[in-house]
């Protein structure tokens, strides 16, 4: 990159997809604020990047409004602006029949996957509308589950369908302010969260089947591709998936 460095905020940056995206952005020359609930996973990502003063570790619970505001205010205080938000933080609920899912587990998934994502979008809009040059890009982490559920996944699936609504509404509302909002839907990236796919997971027909995985660094490159587009261009939905995973068609 040439000229002034761009600034990104990545939530859920300590592991998996968030870590891969943060490292891809840092390697490309971005200054990146690493957000996550605990400092312990975030600090090794910062250290591994070798980015020195161009990386911030900011422990953040995205379900808490004041914590999210502090995340964005701290980033602006250090670097002056936010060009990219990778809205990635998310959790799952136990894979139990929906009638057995405790309300507190449902609420926790909604608080982080949906409300947390909204709060990050809201604060990104606040910053991006006011900064000069105006605007920026928001990339929401959806999921293949934003289109098709897995068995016993009602909380995760419902929130990821909700993320699609957030993406569409924010994309529309961001137009007047040069804020481009898109979504990346990821299928079977090789992370700790998805490791069970290699051992076999329930399918819609009740069988247990091993599913192929893809290198999580490919997802990081996909996020980087979207981040580096000029603001007059938006990828509204980008699906990146293991080629042979059972998503397209009937298994």
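Brief remarks on what is shown
- Looking only at the stretch 62-78, and only at residues there that are under 18 Å from residue 121 (Cβ atoms) and out of contact with any strand residue (DSSP E or B) (no Cβ under 9 Å at 6 or more places or on another chain), the one that is surrounded by the most Cβ atoms within 10 Å (Cβ to Cβ): 63
- In the stretch 169-183 there is no residue matching the filter, namely being modelled with pLDDT under 95, surrounded by fewer than 20 Cβ atoms within 10 Å (Cβ to Cβ) and either under 20 Å from residue 94 (Cβ atoms) or out of contact with any helix residue (DSSP H, G or I) (no Cβ under 9 Å at 6 or more places or on another chain) (or both).
- Once the stretch 184-223 is narrowed to residues that are in a loop (DSSP other than H, G, I, E, B) and within 17 Å of the chain's Cα centre (by Cα), the residue that is nearest to residue 18 (Cα to Cα) is 191.
- Restricting attention to the stretch 87-113 and to residues that are part of a helix (DSSP H, G or I) and under 14 Å from the mean Cα position of the chain (by Cα), the residue that is nearest to residue 159 (Cα to Cα) turns out to be 113.
Results for (1) surrounded by fewer than 22 Cβ atoms within 10 Å (Cβ to Cβ); (2) under 25 Å from residue 113 (Cβ atoms), shown as yes or no for each residue.
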site: 5; (1), (2): yes, no
site: 8; (1), (2): no, yes
site: 13; (1), (2): no, yes
site: 18; (1), (2): no, yes
site: 24; (1), (2): no, yes
site: 36; (1), (2): no, yes
site: 40; (1), (2): yes, yes
site: 43; (1), (2): yes, yes
site: 50; (1), (2): yes, no
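- When residue 81 is tested against the conditions (1) assigned to a loop (DSSP other than H, G, I, E, B); (2) surrounded by fewer than 15 Cβ atoms within 10 Å (Cβ to Cβ); (3) in contact with a strand residue (DSSP E or B) (Cβ under 8 Å, 6 or more places away or on another chain); (4) at pLDDT 95 or above, the lone failure is (2).
- Selection within the stretch 207-235 - surrounded by fewer than 12 Cβ atoms within 10 Å (Cβ to Cβ) and touching a residue at least 12 places away in the same chain (Cβ under 8 Å): 210, 233
- Of the residues making up the stretch 138-145, not a single one is at pLDDT 95 or above, over 14 Å from the mean Cα position of the chain (by Cα) and under 16 Å from residue 71 (Cβ atoms).
The values are calculated or read from the model by the stated rules, or taken from the named source; none is laboratory data. This one's a predicted model, so the numbers in the text were calculated from it and none came from an experiment. Every residue, glycine among them, receives a Cβ derived from its backbone with ideal geometry; neighbour counts consider all protein chains shown.
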